[in-house]
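> Dropping the structure in here first, questions after.
Any read-out appearing in this document is the output of simple, stated calculations on the displayed coordinates, not a laboratory observation. The structure presented is a predicted model; accordingly, all values stated were derived computationally and were not measured. Cβ coordinates were reconstructed from backbone atoms using ideal geometry, including for glycine residues, and neighbour counts include every protein chain displayed.
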């Protein structure tokens, strides 16, 4: 009986000690972790809007640039980042997050469009769990850069904003190179990107027409 | 007295009783994180830290821990250190933390650590237990790095993210996928045993 009681007490005290240490570490680093997240997002917004610092600046510089050149607004239920020129007034573009299912898990991306909403400024896929070297290549520059400067016309019913075609067979402004060996990732990406753009672009056009952004 | 003993511990951990190719432990992560060397290195360092610290802690508590609940105690200790590693990576190496994803948390279930706690730390003093953890962790990390080297080289044409093969190199897609982990591990075990057998024959 005595031994059993000791076991229980021992486990209790040990758990208390270890969870306290881990919790303390967590609390001490929480701000830093959150800051990392925020900074990553800010850097991403600046990059897709082509405002981004050309070379990797310090965290403080990045945060400062973000607060000077980006105004935060909302687009339906998602955030909208309004990129501003050096003067702090002229709009140079709009950025907003899109997401959808990939092959292994959700893919999240940031899309930036020109101020007249007629053209893509840039796109960056920043969170995904696709196979490294295959679907994971959506984060590579050649893939993301394809979107730059593409015209953004709301397509007629049954059509899509963009199509991913086998490399080498893409023609015309709405067709882009898919990733060899990552058929499923490409197929799903094409689908969710289209669905998200169909949700956001008309909304953005509408907000702009009513000069709300 | 300490140095020859340390040498024995390291010999055992890295070669004679290497956790991966001798005891076939820790295979899950050996397959999952070995397609990029940077990730593999961080994973290896994480495991070395957790194994060494858990070993030392289990050993320090070995005289007062009731036998009946020792497994629970070990899991608690291991899980705490793994969470510390996870928090550290999130706070200071966010990119690596993103890349490793759930595998850091899965160090908890890595049989190597529990194996060393049960098999060594529970009945040995703190310092040898600590060294034993480092040795076993190193054994694990070295095997994984060897596998990752070949997988990254052939699958991406790079080493630690630095391009070494010419631009025209056609990456072997299979190398970055899970099956290549199995192939490379099997090849590694084969080579390691051949080397060992030749050495024994010579001695005999």
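> Compute log10 of I(q)/I(0) for region B:49-90 with the Debye formula, placing one identical point scatterer on every Cα and leaving out solvent, at q = 0.32 Å⁻¹, to two decimals.
Taking Cα atoms of region B:49-90 as identical point scatterers yields -1.09.
> With a/c under 1.5 counting as rounded, go ahead and sort region A:24-84 into rounded, prolate or oblate using the C-alpha gyration tensor (a ≥ b ≥ c being the square roots of the eigenvalues; past the cut-off, prolate if a/b is larger than b/c, else oblate).
Because a/c hits 1.5 or more and a/b fails to exceed b/c, region A:24-84 counts as oblate.
> On a full-extension model of 0.36 nm per residue, what is the gain between residue A:180 and residue A:203, subtracting their alpha-carbon distance, rounded to one decimal in nm?
Net length gain for the segment: 4.9 nm.
> Gaussian network model of chain B, Cα springs within a sub-10 Å range: biggest mean-square fluctuation belongs to which of B:136, B:194, B:97?
Highest fluctuation among the options: B:194.
> Measure nothing but the geometry: give the 0 to 90° angle between the long axis through the Cα atoms of B:37-60 and the longest principal axis through the Cα atoms of chain B, rounded to 10°.
Between the helix axis and the principal axis of chain B, the angle is about 10 degrees.
> Considering Cα pairs under 8 angstrom that are at least six residues apart, work out the relative contact order of chain A and quote it in whole percent.
14
> R0 = 60 Å: FRET efficiency of residue A:13 with residue A:60, Cβ-based, nearest 0.05?
On the way: r = 43 Å, r/R0 = 0.72.
Rounded to the nearest 0.05, the efficiency is 0.90.
> Let me ask something else about it. Under the 0.36 nm per residue contour assumption, what length would be gained going from the current alpha-carbon distance of residue B:158 and residue B:75 to full extension?
26.1 nm
> What is the spread of the Cα atoms of the protein assembly as shown along each of their three principal axes, largest first, in whole Å?
Dimensions of the protein assembly as shown along the principal axes of its Cα atoms: 79, 54, 38 Å.
> In whole percent, what relative contact order does chain B give with Cα contacts below 8 Å and a gap of six or more residues?
Numbers: 272 pairs, mean separation 70.1, N = 204.
Worked out over chain B, it gives 34 percent.
> Once each part is reduced to its C-alpha centroid, what is the distance from region A:165-213 to region B:105-122 in angstrom?
Centre-to-centre (Cα) distance: 48 Å.
> If you don't mind, there's one more thing I want to ask. Can you give the relative contact order of region B:103-204 as a percent, counting alpha carbon pairs under 8 Å and 6+ residues apart?
Relative contact order here is 17 percent.
> Summing -39500 (n - 2.57) over the DSSP H runs of n ≥ 4 in chain B and dividing by its residue number, what mean residue ellipticity at 222 nm do you reach, to the nearest 500 deg cm²/dmol? Please list the in-between numbers first.
Values: 9 runs with 140 residues, N = 204.
Per the formula, -22500 deg cm²/dmol.
> Out of all DSSP beta bridges in the protein assembly as shown, what portion is antiparallel? Express it as a percent rounded to 5.
90
> Still on this structure: Which value results for Rg/Rh of region A:66-110 when Rg is the Cα radius of gyration and Rh the Kirkwood radius based on the inverse mean 1/r?
My calculation of the ratio gives 1.13.
> Also: Evaluate 2.2 N^0.38 Å with N set to the residue count of region B:1-87, then give the Cα radius of gyration divided by it.
1.25
> So, one more: Largest first and in whole Å, give the semi-axes of region A:154-193's equivalent ellipsoid, each being the square root of 5 times a Cα gyration tensor eigenvalue.
They are 18, 13, 6 Å, listed largest first.
> Using a simple spin-label model with points 7 Å from Cα along the Cα→Cβ vector, what separation in nm is obtained for residue B:172 and residue A:30?
Between residue B:172 and residue A:30, the label points sit 4.8 nm apart.
> So what is the orientation-averaged projected area of region B:74-188, using the convex hull of its C-alpha atoms, in nm²?
8.8
> Per residue of B:85-94, count partner chain C-beta atoms within 10 Å of its C-beta, then hand back the mean as an integer.
Mean inter-chain Cβ contacts per residue within 10 Å come to 5.
> What is the helix-to-structure angle for B:178-203, meaning the angle in degrees between its Cα long axis and the longest Cα principal axis of chain B, kept from 0 to 90 and rounded to the nearest 10?
In chain B, helix B:178-203 runs at an angle near 70 degrees to the longest axis.
> While we're on this one: Please report the Cα spread of chain A along all three principal axes, rounded to whole Å, starting with the longest.
Between the extreme Cα coordinates on each principal axis of chain A lie 80, 45, 34 Å.
> Okay, moving on. First check a/c for chain B, with a ≥ b ≥ c the square roots of the eigenvalues of its C-alpha gyration tensor; if it is under 1.5, answer rounded, and if not, answer prolate when a/b is larger than b/c or oblate otherwise.
Details: a/c = 2.32, a/b = 1.36, b/c = 1.71.
Oblate.
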